[in-house]
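These notes are about the structure you will find just below.
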Protein chains: 2
Amino acid sequence: MKSLEAYQSSINEALVSRMQSSEFAEPSGLYEPCKYILQNGGKRVRASLVLLASKMFSGEYKQAMPVALAFETFHNFTLIHDDIMDKADLRRGKPTVHTKWDENTAILSGDAVMIIAYRFFEESGIFVPQLFKLLNKTALEVCEGQQYDVDLENAGLSDTIVSESMYLKMIELKTSVLLAACLKAGAIVGGASADDAEKMYEIGRLIGIAFQLQDDVLDTYGNVQTFGKKIGGDIRVNKKTFLLIQALQTLKGAERQKLIDLLSAKTNNETEKFNAVVALYNSADVKEKTIARISHYFQQAQSILDSIQLADTQKVELNTFMKELLVRKY
Amino acid sequence: MKSLEAYQSSINEALVSRMQSSEFAEPSGLYEPCKYILQNGGKRVRASLVLLASKMFSGEYKQAMPVALAFETFHNFTLIHDDIMDKADLRRGKPTVHTKWDENTAILSGDAVMIIAYRFFEESGIFVPQLFKLLNKTALEVCEGQQYDVDLENAGLSDTIVSESMYLKMIELKTSVLLAACLKAGAIVGGASADDAEKMYEIGRLIGIAFQLQDDVLDTYGNVQTFGKKIGGDIRVNKKTFLLIQALQTLKGAERQKLIDLLSAKTNNETEKFNAVVALYNSADVKEKTIARISHYFQQAQSILDSIQLADTQKVELNTFMKELLVRKY
């Protein structure tokens, strides 16, 4: 995201400098893994959104840095623990914490990273009580989203929880509320009114959901060059994506049964399976339906942004960011 | 602890009622394990200390209940994750969370319990910023203590970190700072001056260390009837207790070597090993030295309590609690 790149180096610099403080020195067995994950790059989307939102309302972003670091750090805590739960070996091309050290180290240093996130919030002055509540609410929702993801994964294809509404709830909690909270927190620190801060939350929530749906589309219909990862991964592992749920909801009779059979049977020919599933997806128009939904969320977000009483020049960064998200290639 | 029993039922009642709120209902896969650990009894020492301290300064304890629940909940978060790390099957006679559910559930619901602890703090009104800082500091120290415990466990008997000062640092961070923070937080909510709140912290820190040293003595020299658990467990698993570290520090030459050999060799005769180790402990006077140290910490705590400018009637509960700790039978 070009619009966010401007913030990345100041975020990385601030984070490295903050973590070098003597308060995070000993025991090194605890703090080395914390520094490893926090300094292992990443796009810093969450911190950037805090800074962007703060600048949008105040013209300045430096005062929001502690809050930006807090949200970025909270996000990294979820990565450490999620990677244990997913048994993931690599993260951003490097060994995950539990792979480089061990699982106990990853549990404990993950806990420490969460507490460090809270600690960074202490530096947000008069905003502490308000931001503290926002982080608590969001943090618990992210845990709820993670649990719904597990519930969906464990559910049979015909279980009632495998529904569009449950899927949307899951991605909202697992991904969107954190982006929403970042925009809201930045707005608060930037001096936005309560009403505008709430609008920023809603924009973040909507574009977070749209982004996730877009990921689902790209995983099946994307171009490997522009998407940047292998196509078809979701179908290969029978992931309950928005596309699959749409198809299960739309298809009837023999077609629906064929889809269920394709997902239930073991296959040695992944290409054949992929093509057969896509044919059924096409028959149910899931690509078009999902893209229409994405546009719907984007338009809602856009119209909320339009309603914020600021000069267009102040909104240009957020506008650019949203447009960049929307033009990811299908 | 008789002095704390008075608080137990109101704590349990408040905790059950708080967890029944609709905010902790769904997904049940996340919140059932949280409720299971939070409602699985325990002596509620930490919550009781918050209430006792608040009552000491204000005559009332009800206003401190949210803070008491927050500290008790934080303690339960550490239990869930520690039990995974220790591969412990039972806690308070019931299956641990990762045994009753699975490890992923225990990681995630442990995270949620920590966030719930922070959430309970929101209800402490004007004290939020001050208590928030206290919890952050304490929480990170508890993680540090856990890491030092791991470091000590993994160290060889001749490693420089196997020292009295490291052991004291470890138990201070792992156990005492939380008790200290409970007394301080209760004092703050009870309207104590900053100076008195700090004195309460120091009392908690000292009696926490003394309590842990007493546990070490009782595990080797205790009476199974009064101690309530099997004697000799620490020696059987070669735990690096204060007694062992004292003995390693005091004994010289052949005796020191004999102790190291006893801890290094596998044995089929645990009683013989226990008796041989105790003989060496006795030769180094470790029981007397440790009891002298315990008395020293208690006297320090007592003299700080004496220096707090309150009527004796207001101090009677904390005094009784401290005396109960001191008379545990060796």
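I'd like to know if region B:318-327 contains one or more residues that are polar (S, T, N, Q) and either within 21 Å of B:V45 (Cα to Cα) or out of contact with any Asp or Glu (no Cβ under 8 Å at 6 or more places or on another chain) (or both).
yes
Residue by residue through region A:108-124, note down the ones that are within 7 Å of chain B (Cβ to nearest Cβ) and either within 16 Å of the chain's Cα centre (by Cα) or without any contact (Cβ under 8 Å) to a residue 60 or more places away in the chain (or both). Residues satisfying the conditions are A:D111, A:M114, A:I115, A:Y118, A:R119, A:E122.
Rundown of residues vs (1) modelled with pLDDT of 95 or more; (2) over 23 Å from A:S176 (Cβ atoms), yes/no style:
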residue	(1), (2)
A:F242	yes, no
A:I245	yes, no
A:E255	yes, yes
A:K266	no, yes
A:A276	yes, yes
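Of everything listed in (1) without any contact (Cβ under 8 Å) to a residue 12 or more places away in the chain; (2) of a type in the set (A, V, I, L, M, F, W, C); (3) more than 8 Å from chain B (Cβ to nearest Cβ), the single unmet condition for A:A70 is (1).
Scanning region B:20-44 for residues that are more than 20 Å from A:G145 (Cβ to Cβ) and surrounded by fewer than 19 Cβ atoms within 10 Å (Cβ to Cβ) yields B:Q20, B:Y36, B:Q39, B:N40, B:G41, B:K43.
Considering only region A:160-180, I want to know if a residue exists there that is at pLDDT below 95, surrounded by fewer than 17 Cβ atoms within 10 Å (Cβ to Cβ) and not hydrophobic (A, V, I, L, M, F, W, C). Scanning region A:160-180, I find at least one residue that is at pLDDT below 95, surrounded by fewer than 17 Cβ atoms within 10 Å (Cβ to Cβ) and not hydrophobic (A, V, I, L, M, F, W, C), so the answer is yes.
A count restricted to region A:77-94 and to residues that are more than 9 Å from chain B (Cβ to nearest Cβ) and either of a type in the set (V, I, T) or over 18 Å from B:H81 (Cα atoms) (or both) stands at 8.
Scanning region B:300-321 finds one or more residues that are loosely packed, with under 14 Cβ neighbours inside 10 Å, of a type in the set (S, T, Y), more than 29 Å from B:Y148 (Cβ to Cβ) and at pLDDT 95 or above. Can you say whether B:V97 is farther than 30 Å from B:V237 by Cα, β-branched (V, I, T), within 14 Å of another protein chain (Cβ to nearest Cβ) and in contact (Cβ under 8 Å) with a residue 40 or more places away in the chain, as far as the supplied structure shows? It is false that B:V97 is farther than 30 Å from B:V237 by Cα, β-branched (V, I, T), within 14 Å of another protein chain (Cβ to nearest Cβ) and in contact (Cβ under 8 Å) with a residue 40 or more places away in the chain. Scanning region A:125-175 for residues that are more than 10 Å from chain B (Cβ to nearest Cβ) and hydroxyl-bearing (S, T, Y) turns up A:S158, A:T160, A:S163, A:S165, A:Y167, A:T175. Scanning region B:225-251 for residues that are among the hydroxyl-bearing types (S, T, Y) and buried (at least 20 other Cβ atoms within 10 Å of the Cβ) yields a total of 1.
So which residues in region A:301-317 are closer than 11 Å to A:F57 by Cβ and either part of a helix (DSSP H, G or I) or not assigned by TED's automatic domain parsing to the domain that holds A:M200 (or both), if there are any at all? Across region A:301-317, the qualifying residues are A:Q314, A:K315.
Residues that are assigned by TED's automatic domain parsing to the domain that holds A:V45, at negative phi and acidic (D, E) number at least 2 in the following helices (runs of 4 or more DSSP H) confined to region A:88-188: A:103-121, A:128-154.
Does region A:189-201 hold any residues that are part of a helix (DSSP H, G or I) and over 16 Å from A:N319 (Cβ atoms), and which are they? Passing the criteria: A:V189, A:A194, A:D195, A:A197, A:E198, A:Y201.
Being in contact (Cβ under 8 Å) with a residue 60 or more places away in the chain, over 17 Å from the mean Cα position of the chain (by Cα) and surrounded by fewer than 21 Cβ atoms within 10 Å (Cβ to Cβ) is the requirement here; does A:F57 meet it? No; evaluated as a whole, the condition is false for this residue. The set of residues from region A:92-113 being surrounded by 21 or more Cβ atoms within 10 Å (Cβ to Cβ) and closer than 19 Å to A:V45 by Cβ comprises just one member, A:V113. Quick one: would you say A:G222 is at pLDDT below 95, buried (at least 19 other Cβ atoms within 10 Å of the Cβ), under 21 Å from the mean Cα position of the chain (by Cα) and more than 9 Å from chain B (Cβ to nearest Cβ)? Against the criterion (at pLDDT below 95, buried (at least 19 other Cβ atoms within 10 Å of the Cβ), under 21 Å from the mean Cα position of the chain (by Cα) and more than 9 Å from chain B (Cβ to nearest Cβ)), A:G222 qualifies. Restricting attention to region B:277-288, the residues that are surrounded by fewer than 17 Cβ atoms within 10 Å (Cβ to Cβ) and either of a type in the set (G, A, S) or over 13 Å from B:L248 (Cα atoms) (or both) add up to 3. The requirement of being under 22 Å from the mean Cα position of the chain (by Cα) and without any contact (Cβ under 8 Å) to a residue 12 or more places away in the chain is fulfilled nowhere in region B:276-283; no residue meets it.
Screening A:R256, A:R205 for residues that are out of contact with any Phe, Trp or Tyr (no Cβ under 8 Å at 6 or more places or on another chain), surrounded by 22 or more Cβ atoms within 10 Å (Cβ to Cβ) and free of Cβ contacts under 8 Å to residues at least 60 places away in the same chain leaves exactly one candidate, A:R205.
To keep it simple, each residue is scored yes or no on (1) under 22 Å from B:S193 (Cα atoms); (2) assigned to a helix (DSSP H, G or I); (3) touching a strand residue (DSSP E or B) at 6+ places or on another chain (Cβ under 6 Å).
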site: B:C34; (1), (2), (3): no, yes, no
site: B:I37; (1), (2), (3): no, yes, no
site: B:G42; (1), (2), (3): no, no, no
site: B:R46; (1), (2), (3): yes, yes, no
site: B:V50; (1), (2), (3): yes, yes, no
site: B:A53; (1), (2), (3): yes, yes, no
site: B:M56; (1), (2), (3): yes, yes, no
site: B:P66; (1), (2), (3): yes, yes, no
site: B:T73; (1), (2), (3): no, yes, no
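The values are calculated or read from the model by the stated rules, or taken from the named source; none is laboratory data. A quick note: this is a predicted structure, and the numbers were derived from the prediction, not measured. Backbone-built Cβ (ideal geometry, glycine too); neighbour counts: all protein chains shown.
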